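I have placed the structure first, in the form of structure tokens, so that the comments after it can refer back to it.
Values quoted throughout were computed directly from the atomic coordinates according to the rules given, and no laboratory measurement underlies them. From a predicted model like this one, the values you see are computed outputs, not experimental measurements. Cβ sites come from the backbone with ideal geometry, for glycine too, and all protein chains shown count toward neighbours.
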Amino acid sequence: MANPFVDDAKVITEDNPFESMMQRFDEAATQLNLDPNIYKILRWPNRELTLYIPVLMDDGNYQVFTAYRVQHNFARGPAKGGLRYSPDVTLDEVRALAAWMTWKCAVVNIPFGGAKGGIICDPRQMSPSELERLTRRYTAELLDFIGPERDVPAPDMNTNEQVMAWMMDTYSMHARHTVTAAVTGKPVELGGSQGRREATGRGLLIVCNEACKKFDLEIEKTRVIIQGSGNVGGVAARLMMLEGYKVVGMADMTGALYNPAGLDVDAVLGYLKEHKTVEGYAEAEHMSNEAILEMDCDILIPAATENQINSQNADRIKCRILAEGANGPTTAEADEIIAEKEIYVIPDILANAGGVTVSYFEWVQNRMGFYWTEKEVNYRLKHIMVGGFEDVNRFCDKYKVSMRLACYMLAIDRVAYDTHLRGIYA
Ligand code: GLU
């Protein structure tokens, strides 16, 4: 009975991310011998909002969009998490993503709870002014629930610095003064942090470096495949290439490129920027973005979307290290298969925590009104990511569990302890 939202009679599918999250949560809670009352409480999100947002479209008609904000947990501080725009957004997905934010912030020990937002829309079919009106109305609807001390949104899939600037402005107009700390991932000129844009990719680089140290892998000989060329995958590919790794595979939504001699990451990203597709790129073998996951490599970084590694393809994954750039790229069913193959997993809630970590720095800087250099930001990011990596490995050794379970156990243990300390106001 992993998913509290469905009764046992209903069929639960592998590709429901909330189900994937709850299965691991239940397993970790059992291993931890979690207090039954705390367990009962942590199985549920704190609050879920569903909004129906009317937006004036450029043709003069109104369209109503369905939007969500799930605030999963506040035990350790204000809720924190991104906002995604996609036609595929579902409430169960946003629920899972909100819970993952709670566990992610706890794994790297930053003082936030977890939340996530999603709007069902196709941003590629919308003009910038339609997106602005959608964003502003969504923010206005959430005024009572968000803010620096309540819930701090940030970018996620298909949202960016511009969307955050609109959110910050809308929030500030209602507050009657500028509230930079209301959202993170803003443009640097408006109170964004240096290094935030690269932070998730940089965090991935840091944990991959730590894993290489652990297994005595020579960086220059380490072959990396990255699925996803956006703010996470694209940045990770570039930083890994600069570090000396051999990036042999890259992919975006349109397909994948493979070159065992190493890809020129800048050339690929430049080509993608110009052509919006990998099609026609000369210096590589072409394949589908599913097939690239099955190619031989040392480090595989799925940095696109959920459920990419599942019970159908997990036994064909050939990497030595799986570093999860996306949220939920591996299903719970695939976990077992991956474990049998003795692949070392750096789970999403650790591997991609660099983004929210620098979001935390941004929030801190906004509240101080004092800004750090990129060097300071990167130094602190490294300190937090390495700390998280070491904490998870310690749990792994202590309890003799997988890295995945160790991550959940560490996070749940921290949130449970703080919940217990605060007491339950009932
Ligand atoms: N959307 C990012 C994530 O999934 C960042 C969230 C944040 O910075 O609050 O971790």
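Indicate the helices, whole DSSP H runs only, in the chain that combine a mean Kyte-Doolittle hydropathy of 0.0 or more with a Cα extent along their long axis of 27 angstrom or more. Before the final figure, lay out the partial values.
Working: long enough: 374-399 (37 Å, -0.80); 403-422 (29 Å, 0.24).
Helices meeting the criterion: 403-422.
Cβ under 15 Å from R380's Cβ, R380 left aside: what net charge do those residues give with Lys, Arg +1 and Asp, Glu -1? Show your work: numbers first, answer last.
Values: positive: R196, R202, K375, K382; negative: E198, E362, E374, E376.
Once all neighbours under 15 Å are counted, the net charge is 0.
Provide the gained length on full extension for the span D418 to M368, in nm with one decimal, where the gain is 0.36 nm per separating residue minus the Cα-Cα distance. Could you put the intermediate results ahead of the total?
Details: separation 50, 0.36 × 50 = 18.00 nm, distance 2.56 nm.
My answer for the length gained is 15.4 nm.
In a GNM of the chain with a 10 Å cut-off on Cα contacts, which of I226, I309, I53 has the highest mean-square fluctuation?
Highest fluctuation among the options: I53.
Using +1 on the beta carbon of Lys and Arg, -1 on that of Asp and Glu, and nothing else charged, what's the dipole of the stretch 319-398 about the Cα centre, debye to 20? Each step should come with its number before you reach the end.
Values: 8 positive and 13 negative charges, 94 e Å.
Magnitude of the dipole: close to 460 debye.
With a Förster radius of 22 Å, plug the Cβ-Cβ distance of K341 and D216 into 1/(1 + (r/R0)^6) and report the FRET value to the nearest 0.05.
Values: r = 20 Å, r/R0 = 0.90.
Working from the Cβ atoms, E equals 0.65.
Regarding the stretch 63-179, what whole-number volume in Å³ per residue does the convex hull of its Cα atoms give?
Values: hull volume 11.4 nm³, N = 117.
Taking only Cα atoms, the stretch 63-179 has a hull volume of 98 Å³ per residue.
So for the stretch 294-336, averaging the separation of alpha carbon pairs under 8 Å that are six or more residues apart and normalising by length, what relative contact order in percent results?
The value is 51 percent.
How high is the relative contact order of the chain, given as a whole-number percent (alpha carbon pairs under 8 Å, six or more residues apart)? Intermediate results must be reported in sequence, preceding the final value.
Working: 877 pairs, mean separation 70.0, N = 426.
Relative contact order for the chain comes out at 16 percent.
Show me the chymotrypsin sites (Phe, Trp or Tyr not before Pro) within the stretch 387-426 that DSSP assigns to loop and that have at most 15 other Cβ atoms within 10 Å of their Cβ. Let's see the in-between values first.
Numbers: sites: F389, F395, Y399, Y408, Y417, Y425; in loops: Y425.
Hits after loop and neighbour filter: Y425.
By how many nm would the segment from T277 to M57 grow when fully extended, if each residue of separation counts as 0.36 nm and the alpha-carbon distance is taken off?
Working: separation 220, 0.36 × 220 = 79.20 nm, distance 2.84 nm.
So the chain would gain 76.4 nm between T277 and M57.
How big is the dipole moment of the chain about its Cα centre under a simple scheme where the beta carbon of each Lys and Arg is +1, that of each Asp and Glu is -1, and everything else is neutral? Debye, nearest 20, please.
Charge dipole, the chain, about its Cα centre: 1440 debye, nearest 20.
Just check the stretch 232-341 against the gyration tensor rule for me: Cα atoms, a ≥ b ≥ c as the square roots of the eigenvalues, rounded for a/c under 1.5, and otherwise prolate or oblate depending on whether a/b exceeds b/c. Mind showing how you got there, number by number?
Values: a/c = 1.86, a/b = 1.67, b/c = 1.11.
The shape class here is prolate.
Hey, what did the stretch 289-426 get for relative contact order, percent, Cα under 8 Å, at least 6 apart?
Values: 159 pairs, mean separation 23.8, N = 138.
The value is 17 percent.
Take the alpha carbon atoms of the stretch 377-426, find their center, do the same for the stretch 284-344, and report the distance between the two centers in whole angstrom.
Answer, in whole Å: 24.
As a test of the definition: which semi-axes, in Å, follow for the chain when you take the square root of five times each eigenvalue of its alpha carbon gyration tensor? Largest first, please. Display every interim value, and only then the final one.
Numbers: eigenvalues 184, 148, 95 Å².
That gives 30, 27, 22 Å for the three semi-axes.
Evaluate E = 1/(1 + (r/R0)^6) for K398 and R150, where r is the Cβ-Cβ distance and R0 equals 56 Å; express this FRET efficiency to the nearest 0.05. Before the final figure, lay out the partial values.
Details: r = 35 Å, r/R0 = 0.63.
So the FRET efficiency works out to roughly 0.95.
Taking 0.36 nm per intervening residue step and subtracting the Cα-Cα distance, what contour gain separates Y379 from D266 on full extension?
On the way: separation 113, 0.36 × 113 = 40.68 nm, distance 2.48 nm.
Between Y379 and D266, full extension yields an extra 38.2 nm.
What does the charge add up to near V89, with Lys and Arg as +1, Asp and Glu as -1, over the other residues with Cβ less than 13 Å from its Cβ? Can you show the working numbers first?
Details: positive: R69, R84, R95, K116; negative: D88, D92, E93, D122, D156, E306.
So the environment of V89 carries a net charge of -2.
Identify the trypsin sites (Lys or Arg not before Pro) of the stretch 175-261 meeting these criteria: DSSP loop state and at most 12 other C-beta atoms within 10 Å of the C-beta.
Counting only loop positions with at most 12 other Cβ atoms within 10 Å, the trypsin sites (Lys or Arg not before Pro) in the stretch 175-261 are R176.
For the stretch 312-394, which trypsin sites (Lys or Arg not before Pro) are in a loop by DSSP, counting at most 15 other Cβ atoms within 10 Å? The partial results should precede the final answer.
Working: sites: R316, K318, R320, K341, R367, K375, R380, K382, R394; in loops: K318, R320, K341.
Within the stretch 312-394, the qualifying trypsin sites (Lys or Arg not before Pro) (loop, at most 15 other Cβ atoms within 10 Å) are K318, K341.
How many percent of DSSP beta bridges within the chain run antiparallel, rounded to 5?
Details: 24 of 48 bridges.
About 50 percent, rounded to the nearest 5.
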